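S.K.: Quick one: the structure is below, and I'll ask about it shortly.
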Amino acid sequence: MFSRIDLLSVMKMAYHLLLILGILGTFLSACTSLKNQSSFNNGGISTKNFHENISVEKGIGYMIVPVKIKDKPYRFLFNPGSLTAISTALDTILKLPSARNVNLKHVEGIDKKQTMVRLDSLTLGNVSFKNINAIVVNFKVQNATRCLQLDGVLGANALKNCKWKVNYSKGYIEFSDNINNLTDSNLLTIPFHQGITGIPIVDVNIGGQQVAGFTLDMNYQGEVSMNENDVPKTLDSAWASMVKSIAMGSSTIIDTSTWFLTKAQFDESNNMEVMVKASNNYTNRVGIKLLKNYEFVMDWSSGKMGFSEPNQENRMDRLHLEMGPAYINQEIIIGEIVLNSMSWMHGLRLGNVIKKFGMVSYENPTEKEYCEILGLFQKLPGSYVVETDHNDPFIGNSLLLNELKIE
């Protein structure tokens, strides 16, 4: 017997689902400790006087660009908030010699040795990026990236060789060697400094207080994440959630996050309400769900960027169910749940194995089936039946989520 639960009152609080820390947010954008720093200061481009316009594949939490290596096409995530990377599968295909190992410190505080290789040439549009160092990453072991079928990431140590204009809502990026081909240079009003890998780091006003050290991580599927020590003391928490994820494809991490509803702005002209998710394991990041509301321009040579007026008309995708799936040890589980939410009060807990979603039962779920569920969780509005392995005698083992609406 199904228990009917009215989520409308919950959704008025705009509960927002972060579908597990992605591997790029986990370490590629959080290189706070890196030996051999000069490794990522190499590389360049062989073209001059160019202006390219590239259509991108976009989705919730990513922008994918078509690149070519040795005249073969590949899918690379566009992300100025990370290092350039290639998948373990592509590394096997290309048979690249390992340049060296580098030590990275990840969001969870874990030090990890990563293999670094050098791409002799990587082409986007008609422009070739030369001698670009890349980290080798197994995208398949992390929940946030395993469904994207990525071949790599076009990161800051490659992007810094050009000037960039990014427009998520219209699905394109422009890049050139001359900033005036993209915008009036006087519009570049926000200074940034470059981390040791070339990743831009900016200050953001959070709740009326200037906070330093934010990366622009276009794979981070939320709006703003912060280390809890950097959250202004004047902010009042809205709710908390528990997250279960895998760090580095091996150890399982359970974390509790605190959520804040507040205002954020890059400069005086673009104030926007945001959801901030904070934990002592997080780094300060501005994610795709905030960046997608702007057209923005970045120029590494001047160390400045500029943002358009934000588009605040269509922010429907900020609202998500108060729990989300993860795929761990060949099981689809509840990977995140908001504490004291309707789902929580009706007995669902972190780690419950999802046995049925909608009309489909899952005995030995495949990765493809997990990706199908993940896609359904990302779509609004919707009504879904979720059946888990918990056996609360007062609730049964099923939960009916009613249609979500905004009032």
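S.K.: Under a plain spin-label model, where a point goes 7 Å from the Cα along Cα-to-Cβ, how far apart in nm are N131 and K170?
M.R.: 3.6
S.K.: Which of C162, C147, C371 comes first, and how do the rest follow, when ranked by fewest Cβ neighbours within 10 Å? Walk me through the intermediate numbers first.
M.R.: Details: C162 24, C147 20, C371 17.
In increasing order of surrounding Cβ atoms, one gets C371, C147, C162.
S.K.: I've got another one for you. Going by C-beta contacts inside 10 Å, put E295, E52 in order with the fewest on the left.
M.R.: Least to most surrounded, the residues fall as E52, E295.
S.K.: Now a separate question. Just add up the charged neighbours of K140: K/R +1, D/E -1, any other residue whose Cβ is under 11 Å from the Cβ of K140.
M.R.: Here the charged neighbours net out to 0.
S.K.: Please compute the modelled spin-label separation between D389 and D236, points set 7 Å along Cα→Cβ, answer in nm with one decimal.
M.R.: Roughly 4.1 nm, to one decimal.
S.K.: Compute the length gained on full extension between E52 and K356: take 0.36 nm times their separation in residues and subtract their Cα-Cα distance, giving the result in nm to one decimal.
M.R.: Computed gain between E52 and K356 is 104.8 nm.
S.K.: Among E309, E387, E223, E331, what is the fewest-to-most ranking by other Cβ atoms within 10 Å? Provide the component values of the computation, followed by the final result.
M.R.: Numbers: E309 11, E387 20, E223 25, E331 16.
Exposure proxy ranking, most exposed first: E309, E331, E387, E223.
S.K.: Net charge near I45, counting Lys/Arg +1 and Asp/Glu -1 over other residues with Cβ under 12 Å of its Cβ? Walk me through the numbers on the way to the answer.
M.R.: Values: positive: K48, K130, K160, K163; negative: E52, D177.
Within the 12 Å Cβ shell, the charges total +2.
S.K.: Still on this model: For the pair N364 and T123, what calculated FRET efficiency results from E = 1/(1 + (r/R0)^6), where r is the Cβ-Cβ distance and R0 = 45 Å, to the nearest 0.05?
M.R.: On the way: r = 41 Å, r/R0 = 0.92.
Between T123 and N364 the formula returns 0.65.
S.K.: Report the charge-dipole magnitude of the stretch 185-317 in Debye, nearest 20, computed about the Cα centre from +1 at each Lys and Arg Cβ and -1 at each Asp and Glu Cβ. Mind showing how you got there, number by number?
M.R.: Working: 9 positive and 15 negative charges, 65 e Å.
Rounded to the nearest 20 debye, it is 320 debye.
S.K.: Then there's this: How far, in nm, would the chain grow between K72 and T189 when pulled straight, counting 0.36 nm per residue and subtracting the alpha carbon separation? Can you show the working numbers first?
M.R.: Working: separation 117, 0.36 × 117 = 42.12 nm, distance 3.87 nm.
Length gained between K72 and T189: 38.3 nm.
Any read-out appearing in this document is the output of simple, stated calculations on the displayed coordinates, not a laboratory observation. Here the structure is a predicted model, which is why all the values come from computation and not from measurement. Positions of Cβ are generated from backbone atoms using ideal geometry, with glycine treated the same way; all protein chains shown enter the neighbour counts.
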